[in-house]
Each structure stands twice: as structure tokens, then as C-alpha cells.
1. Please state, to two decimals, what the Cα-based radius of gyration of the chain comes to when divided by 2.2 N^0.38 Å (N = residues).
2. Take ARG102 and ALA81, extend 7 Å from each Cα along the Cα→Cβ direction, and tell me the distance between the two endpoints in nm.
3. Starting from the exponent 0.38 and prefactor 2.2 Å, build the expected Rg for the stretch 17-71 from its residue count and divide its actual Cα Rg by it.
4. Show me, for the stretch 48-63, the HN-Hα J-couplings you get by feeding each phi into the Karplus relation (A = 6.51, B = -1.76, C = 1.60, θ = phi - 60°), rounded to Hz, glycine and proline as x.
Amino acid sequence: MDTLTYQDKLTLTGFFEGPVSGDGVVTGRRGDIKRRFSGAFEGARADGGLTVSEALRFDDGELSERNWLIREGRDGHYSVAPGHDTGAADIRTLDPTAGGWRWTYTMDIPVQGRSIAMKVVDLMVPLDRTHMVAHTTLAKFGIVMAHVYTSYTKN
């Protein structure tokens, strides 16, 4: 693996530009595995940022699709325009020597036939130029309800 150094300056938009695939697992708050999924992501420059189309296929057959418009700001900050089921996201670059990004936003999550607004925190850490791992927490009223672990591969 060709690990990244501070000088590599991999950007969030640089990683997601073009095709990216992903696989992951959703666990309950006690660590029990709830669902598995595979994802396809495609990023293209548009509207002054990067539009990322996301399609997740879960092991129970559910297909979840959404589009993200990511704009680069100053000092390692990014913003994401709100979508049909997400609020605006604030994205901050972690310590430059460690790399990675922390996303904070709200998302309407389908649960047993209804939609619940959850606070989402994504921690994305690149391993090299083509691989990244992520840990996501979903919380309601400050209580973590689920964790999502995802690995990404830039194709």
C-alpha cells in the first residue's frame, strides 16, 4: 500500500471524482450486525463543485439513492448543499498529518415504515490514493442508535 503523507494533499473532491465503489455494514448500538450493503458512487464536476451520485444496495434488497453537491471552501472546509432527505453538511478536514474528513449533518432515515431525522457524523480516513475507510454514527436525542462501517475503493 502506498500510504499518504501530508505532502500528498488528497482532497475529498479528488477522491470522489470519477467512479468509486464501496462495501459496508450497519450495526446496532450494541454492535449487532443489522445490514450489509454495496455502493456505487460517481463524481463529476458541476455547479461550482462536485456532484456525487450515490447508490447503495442493501442485503435485504433495498436500494437507496441520493446526490451530493460538495463545494470546496477555505482552510480544508467543505460544504454540502441540502438534499431531499439530508440537511446541509459541514465538512472539516482533520489534522493534515492524519488526513481525512469529518462530516456533520442530519438525515431522514427510514425506520419501520416511517422517517426519523438523525444526526449523522461521518469520519472518513484515506489509507492511500485509492482506498478509504469510514465510520459513521447515527444519533437521536444524543443517543447513538447505529454505526456504519464502510470501505471505499476508487476505480
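1. Its radius of gyration relative to the 2.2 N^0.38 Å reference: 1.02.
2. For the pair ARG102/ALA81, the computed spacing is 2.7 nm.
3. With N residues counted in the stretch 17-71, Rg over 2.2 N^0.38 Å equals 1.34.
4. Listing the rounded values in order: x, x, 10, 8, 10, 8, 10, 10, 10, 10, 8, 5, 8, x, 5, 10 Hz.
The numbers here are math on the coordinates, done by the rules we state, and not lab data. Everything quoted here is computed from the prediction, not taken from an experiment. Every residue, glycine among them, receives a Cβ derived from its backbone with ideal geometry; neighbour counts consider all protein chains shown.
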